[in-house]
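Visitor: Structure incoming, see below.
The values are calculated or read from the model by the stated rules, or taken from the named source; none is laboratory data. Quick caveat: nothing in here was measured; it's all calculated off a predicted structure. Cβ: placed from backbone, ideal geometry, glycine included. Neighbour counts: every protein chain shown. SASA here: full protein model, heavy atoms, side chains in, ligands and nucleic acids out. Shrake-Rupley method; radii C 1.70, N 1.55, O 1.52, S 1.80 Å.
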Amino acid sequence: MPASQEHVGPGTAMGATLLPDGVVLRLWAPGAERVHVCFDESEAVVDDLELQSDGHGRWSGFCPGVRAGRKYRYYVTGTGGEGFKRDPRARELELYGYPDCDSLVVDNADYPWHDDGWTPHAFADLIVYQFHVGVFSAVDATGRDRRPHRTAKLLDAVQRLPYLAGLGVTAVQPLPVVEFQGEWSLGYNGTDLFSPEMDYCVDPSDLPPYLARVNALLAARGAGPLKPEQLEGQANQLKAFVDICHLHGLGVIFDVVYNHAGGGLDPQSLDYIDLPADPGPGNNAYFSSEGWAGGRVFAFDRAPVRDFLIDNATMFLDEYHADGLRFDEVTVIDAMGGWGFCQELTTTLHLRKPAAALIAEYWGEFRWLAVQRPPGGMGFDLGYADGIREAARGVLAKAAEGGAQPIGIGRLAESLRRPPHLDHAWQAYNCLENHDLVLDMDDHRAPRIARLTDPGNPRSWYARSRSRVATALLLTAPGTPMLFMGQEFLEDKLWSDSPGRSDRLIWWDGALGLDRTMADFLRCTTDLIALRRSLPALRSDSLAIISVDEDNRVVAFQRDDVVVVLTLSESTRYDYRLGFPRPGRWREAFNTDYYDNFPNPWVGGNAGSVAASGPPMHGLAQSATLTIPANSLLVFTPS
């Protein structure tokens with residue numbers, strides 16, 4: 001017997017739509033001959049639950065009496081066979097048995113959000129912290145970082161949010177959080193793009209201690225508690241993470257992968273969703289014939305596929321209150337025929353939530369096209385930039401060779417300039433470390449900054465001081481800065497996505513007290529972030545290079561009414577004369593040397609201020625005489 005078509009219309013959402021009297025189910029399977037829905041793990045094909053086709057590949061039906069939490073799977077009959085399929089748009093999957101598991105009907109309105117007063121940060125105010133949920137904060141039952149060899153949970157990461165709020169970053173960017181094959185992964189091999197990764201979530205039987213900690217965090221922010229059932233399930237735990245981020249002043253930018261899905265696309269996944277005869281590259285509904293990173297590239301030329309991906313993005317913005325999205329390898333999307341898809345995607349999302357930051361990882365020849373508005377460009381808000389990263393890493397590597405020879409420090413000055421054709425400096429997304437760069441894999445990678453600056457001893461004065469300069473440059477430069485987990489406290493180890501690699505987990509206990517060097521570096525980073533947030537000039541478009549001195553390894557630049565001076569000289573520069581943009585006293589607002597063995601009893605500097613009363617220099621009408629400590633960065637503001 002055909003399923004009822006009550007509540008089904010052209011505008012009815014795909015996937016499962018819960019209504020007061022049941023659920024509407026809709027599946028796109030264009031080559032299928034029949035589609036049934038089976039509830040509660042039944043393997044019997046029930047005729048009265050046969051979905052109906054609209055003639056365009058969309059199968060629909062209203063199932064009365066179904067409530068939230070009900071398990072279901074599709075049973076698809078195609079020209080090449082028949083079998084079960086998970087709902088590609090399922091908001092949650094059965095917690096056990098993946099990939100041979102059911103989808104769950106979810107009530108998207110049953111989480112009691114506490115973030116009504118939340119306003120996303122302006123794009124120019126973003127300071128982003130990237131981390132991986134699975135290895136970010138594995139803790140034991142007492143909340144201590146005992147490094148159990150298990151995948152950390154979203155509700156473990158929640159416990160680090162007060163720390164991140166204290167650090168001062170304005171947004172977090174977790175690596176992908178949707179379902180992937182296996183217990184642990186970077187997350188870029190997603191298989192069920194609408195379902196949170198189940199290994200990042202807590203089983204109801206283990207929930208009580210987490211519920212107590214979550215409610216303590218809510219109470220500390222003046223918010224009411226959650227009931228146990230409101231924290232059950234993957235969807236609600238991900239929502240709780242975002243909710244508590246917002247209560248701590250942190251935006252959330254989700255990392256999404258629309259260039260490919262998989263590897264690990266099992267027979268019950270969206271791969272060959274309609275079970276065609278002779279499955280091959282030319283008859284896979286969701287995918288093109290191309291592959292990437294071990295998975296399949298989406299078929300961007302098919303409207304239902306574009307709708308699937310755009311609906312996924314709007315789900316994060318609407319249902320999870322996301323403040324932005326980071327789009328992985330847009331270069332691949334473009335190369336595989338997805339230029340128009342990107343335009344359609346960004347246009348839709350800008351209309352839906354203009355305040356959401358859309359960040360493109362795009363490495364094409366003309367990178368500015370990622371952030372130009374259609375029709376000339378793809379329409380993202382920010383695009384990855386590597387100018388500062390490559391220049392800083394190159395100069396630091398030369399400095400680590402020792403000696404007093406020139407190290408090409410002018411590269412740092414040039415890297416500060418706005419990339420071509422960008423309307424605003426904040427559109428350049430800058431980092432010194434990221435998940436790709438410092439990942440422990442055989443085929444690369446680059447060292448952490450602490451190890452780069454002194455390969456023989458990442459705790460030496462050379463490593464400490466040069467790393468402070470690098471971090472301070474990132475946080476005083478034009479553009480949007482991103483930090484990778486552990487970078488803020490001088491973590492020197494490469495990282496791994498495997499929770500079993502205890503030798504590759506970031507050392508929280510060191511940063512929070514056991515290692516003086518890490519604690520001092522964390523204080524420096526925290527104060528630098530506070531400085532950036534307090535000085536509008538450091539978040540502006542303004543930049544003027546005052547001086548590049550290769551012999552003394554000094555660069556000076558101006559950001560509106562702020563002057564930044566840095567050196568990678570191994571000797572302090574005394575009586576160093578520099579042009580200043582206006583006469584009078586200038587306060588030494590920041591000095592990285594102060595944070596060495598904090599508070600540094602032998603700090604070099606300028607006793608709090610300098611007087612710009614000297615002769616013209618560097619094209620400016622006045623100058624000041626400075627002391628520039630070895631391997632340091634100074635920030636001056638008008639008194």
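Visitor: Which whole-number percentage describes the relative contact order of the range 240-348, with Cα contacts under 8 Å and a sequence gap of 6 or more?
Guide: Over the range 240-348, the number comes to 32 percent.
Visitor: Excluding same-chain pairs closer than 8 in sequence, count the lysine pairs in the chain whose Cα atoms lie under 20 Å apart. Please report the intermediate quantities before stating the final value.
Guide: Values: 71/85; 153/227; 153/239; 227/239; 239/353.
For the chain, qualifying lysine pairs total 5.
Visitor: While we're here: If you roll a 1.4 Å probe over the range 224-337 with all protein chains in place, what percent of the accessible area is carbon or sulfur?
Guide: The C+S portion of the solvent-accessible surface of the range 224-337 is 51 percent.
Visitor: Report the chymotrypsin sites (Phe, Trp or Tyr not before Pro) located in the range 4-110 that are in a DSSP loop and have at most 12 other Cβ atoms inside 10 Å of their Cβ, or state none.
Guide: 96
Visitor: What is the P(r) of the range 167-243, as percent of Cα-Cα pairs per 5 Å bin from 0?
Guide: Percent of Cα pairs in each bin: 3, 14, 22, 20, 19, 14, 7, 1.
Visitor: Same structure again: Taking the Cα-to-Cβ direction at residue 617 and at residue 526 and moving 7 Å from each Cα, how far apart do the two end points lie in nm?
Guide: 3.6 nm
Visitor: Could you state the number of Å between the C-alpha centres of the range 526-548 and the range 565-634?
Guide: 16 Å
Visitor: Quick one: accessible area per residue over the chain, 1.4 Å probe, rounded to a whole number of Å²?
Guide: Details: 22750 Å² over 639 residues.
Ligands and nucleic acids excluded, the result is 36 Å² per residue.
Visitor: Only bridges whose two residues both fall in the range 201-348 count here: according to DSSP, what percent of them are antiparallel, nearest 5? Don't skip to the answer; put the middle values down first.
Guide: On the way: 6 of 10 bridges.
Percent antiparallel among DSSP bridges in the range 201-348 is about 60.
Visitor: Can you match Rg/Rh (Cα atoms, Kirkwood Rh) to one of these, [x] 0.95; [y] 1.08; [z] 1.02, based on a calculation from the structure here?
Guide: [z]
Visitor: Now a separate question. Using the Karplus curve 6.51 cos²θ - 1.76 cosθ + 1.60 with θ = phi - 60°, work out ³J(HN,Hα) for each residue of the range 94-109 in order, rounded to whole Hz, and write x for Gly and Pro.
Guide: Listing the rounded values in order: 3, 5, 10, x, 3, x, 8, 9, 8, 8, 10, 6, 10, 8, 5, 9 Hz.
Visitor: Quick check: at a probe of 1.4 Å, how many percent of the accessible area of the range 425-498 sits on carbon and sulfur atoms?
Guide: Percent of accessible area from carbon and sulfur atoms in the range 425-498: 51.
Visitor: Semi-axes of the equivalent ellipsoid for the range 352-402, please: Cα gyration tensor eigenvalues, times 5, square-rooted, ordered largest first, whole Å.
Guide: Rounded to whole Å, the semi-axes are 32, 13, 6.
Visitor: Calculated from DSSP H runs of 4 or more alone, at -39500 (n - 2.57) each and per residue, what is the 222 nm mean residue ellipticity of the chain, nearest 500?
Guide: -6500 deg cm²/dmol
Visitor: Given R₀ = 51 Å, what would the calculated FRET efficiency be for residue 607 paired with residue 82, taking r from the Cβ atoms and rounding to 0.05?
Guide: 0.05
Visitor: With each pseudo-label sitting 7 Å past Cα toward Cβ, what's the residue 390-residue 421 distance in nm, one decimal?
Guide: Result for the modelled spin labels: 1.7 nm.
Visitor: Full-extension gain between residue 6 and residue 441, please, as 0.36 nm times their residue separation minus the C-alpha to C-alpha distance.
Guide: Taking 0.36 nm per residue and subtracting the Cα distance, the gain is 151.3 nm.
Visitor: For a paramagnetic label modelled at 7 Å from the Cα of residue 307 toward its Cβ, which residues of the range 282-297 fall within the zone defined by backbone nitrogen distances under 15 Å?
Guide: Answer for the range 282-297: 286.
Visitor: Another question, if that's okay. Beta carbons within 10 angstrom, averaged per residue: use that to sort the peptides 482-490, 418-426, highest first.
Guide: The packing order, highest mean first, is 482-490, 418-426.
Visitor: I've got another one for you. Above 16 angstrom, tally the Cα pairs of the range 575-617 and express them as a % of all pairs, no decimals.
Guide: Above the 16 Å cut-off, the range 575-617 has 45 percent of its Cα pairs.
Visitor: Evaluate the relative contact order of the chain (contact order divided by residue number), counting alpha-carbon pairs under 8 angstrom at least 6 apart; express in whole percent.
Guide: 10 percent
Visitor: Does the range 500-639 come out rounded, prolate or oblate, given a ≥ b ≥ c as the square roots of the eigenvalues of its C-alpha gyration tensor, rounded meaning a/c under 1.5 and, failing that, prolate meaning a/b above b/c?
Guide: prolate
Visitor: May I ask you to order 397-407, 1-11, 347-357 by the average number of other C-beta atoms within 10 Å around their residues, highest value first?
Guide: Top of the packing list down: 347-357, 397-407, 1-11.
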